[in-house]
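The values are calculated or read from the model by the stated rules, or taken from the named source; none is laboratory data. The shown structure was predicted, so the numbers you read here are calculated from the model rather than taken from an experiment. Here Cβ is always computed from backbone atoms with ideal geometry, including for glycine, and neighbour counts include all displayed protein chains. Note: areas computed on protein heavy atoms with side chains; ligands, DNA, RNA excluded. Shrake-Rupley method; radii C 1.70, N 1.55, O 1.52, S 1.80 Å.
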Amino acid sequence: MEHLPSAETAEAAESHYFTQNPPPKNLKSNVTLAREFIDRHAEQGRRLVLVTSGGTTVPLETQTVRYIDNFSAGTRGATSAEYFLQEGYAVIFLHRQFSLLPYSRHYSHNTRSFLDFMKEENGRVVVDEQHQEEMLRVLRQYSVAKKENRLLILSFVTITEYLWELREVAKLMRPLGHKAMFYLAAAVSDFFVPQDRMVEHKIQSSEEFSQNTNRNGKTPAARTEGRSLIIDLEPVPKFLKQLVDGWAPEGMIVSFKLETDPSMLVKKAQYSLEKYAHHLVIGNLLMTRKWEVVFVSALEGEKWIRVPRNRRSRSVSGVEAWIGRAEAGKAENTVQPKAE
Ligand code: PAZ
């Protein structure tokens, strides 16, 4: 693995990363949208949260056919965004393209089609009886958020797009101080292929057709050797450090930690909290993430929140309760999660 000489400090790593990996084409227009949104809600004194959601990809080729993905349907982020909107926040929802969205998530990516919620009545399409109540509730919430212009939806696909957007939006949110919150539920790649080590074209399955150097004359990070596919990734700089120390030092920062080994979860969450010194790490295990999470914070140590398994809840109300206590500077012993 190629080590970056200038990556000894977080700033150097940041500058190296953003110099070597160019911004997405729509960054400028997204920044304009985000600036207008932030300014408008700041003027109204509203609290603002950036919710990140879904998994980032790592492209292996410039003209991307193959990529490495990170697990996340976007359920946590989309559901949490709804609860933040319900609590009066303005929400910037930075999500993986085509992952779940607030409100529409109730009717998309389902085993059932959204058409299964409909019926024909006198030549018109209407929602069938059994879904009326639920859909009306969702529609009302959606309409309020839309009318008050409190939801801005931005998207990413790759790790580089995600990091550029996160950095630019975070810097715009910086003047909001403690009224800005970062709720980082996206599953973010730890390793990637830098732009200058990427091949232009689709990786060939046989070495005979394989490109041994890319247009910079470098050995591609992903290539075929004999009958094997070799993928030699480099570490993504730890941007949480930059967010906490540089981009938004006064913001409330909540990060997530996903693990599969139960014995690692709390340790890793504590490690992350100590390393980055932000406000809260919410740990979850792949198999149980829908009904239990652990909050790890300097304020309260380790606290589990559980909901019954048959209630599909990913409520943010536990976070709301926690933030309430953090702001009041007092610790209680229980958190009552609100089921979805
Ligand atoms: O999007 P989803 O509901 O399927 O999954 C949510 C999650 C597990 C990706 C999220 O809760 C999380 O832990 N995000 C951080 C992942 C990480 O450790 O990088």
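Table for the structure above
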| read-out | value |
| --- | --- |
| Answer residue from the range 45-71, given it is part of a strand (DSSP E or B) and away from the ligand (no atom under 16 Å from the Cβ) and is nearest to Thr158 (Cα to Cα) among those | Pro59 |
| Any hit, the range 291-312, residues being in contact with a Ser or Thr (Cβ under 8 Å, 6 or more places away or on another chain), touching a residue at least 40 places away in the same chain (Cβ under 8 Å) and either under 27 Å from Gln86 (Cβ atoms) or more than 13 Å from the ligand (Cβ to nearest atom) (or both) | no |
| Test: Thr79 is under 29 Å from Phe256 (Cα atoms), touching an Asp or Glu at 6+ places or on another chain (Cβ under 8 Å) and modelled with pLDDT of 95 or more | yes |
| Filter result for Pro102 (away from the ligand (no atom under 14 Å from the Cβ), crowded, with 19+ Cβ neighbours inside 10 Å and modelled with pLDDT of 95 or more) | no |
| Failed condition for Ala187, given (1) away from the ligand (no atom under 16 Å from the Cβ); (2) in contact with a Lys or Arg (Cβ under 9 Å, 6 or more places away or on another chain) | (1) |
| Looking only at the range 190-211, and only at residues there that are within 16 Å of the ligand (Cβ to nearest atom) and in a strand (DSSP E or B), the one that is surrounded by the most Cβ atoms within 10 Å (Cβ to Cβ) | Phe192 |
| In the range 72-98, the residues that are outside any helix (DSSP H, G or I) and open to solvent by 10 Å² or more (accessible area, probe 1.4 Å) | Ser72, Ala73, Glu87, Gly88, His95, Arg96, Gln97, Phe98 |
| Pick from the range 19-32, criterion of a type outside the set (Ser, Thr, Tyr) and more than 19 Å from the chain's Cα centre (by Cα), ranking: least open to solvent (accessible area, probe 1.4 Å) | Asn21 |
| Any pair with Cβ under 6 angstrom, 6 or more apart, that starts in the range 241-270 at a residue that is under 28 Å from Val169 (Cα atoms) and ends at one that is in a strand (DSSP E or B) and among the aromatic types (Phe, Trp, Tyr) | Gly251/Phe182; Ile253/Phe182; Val254/Tyr183 |
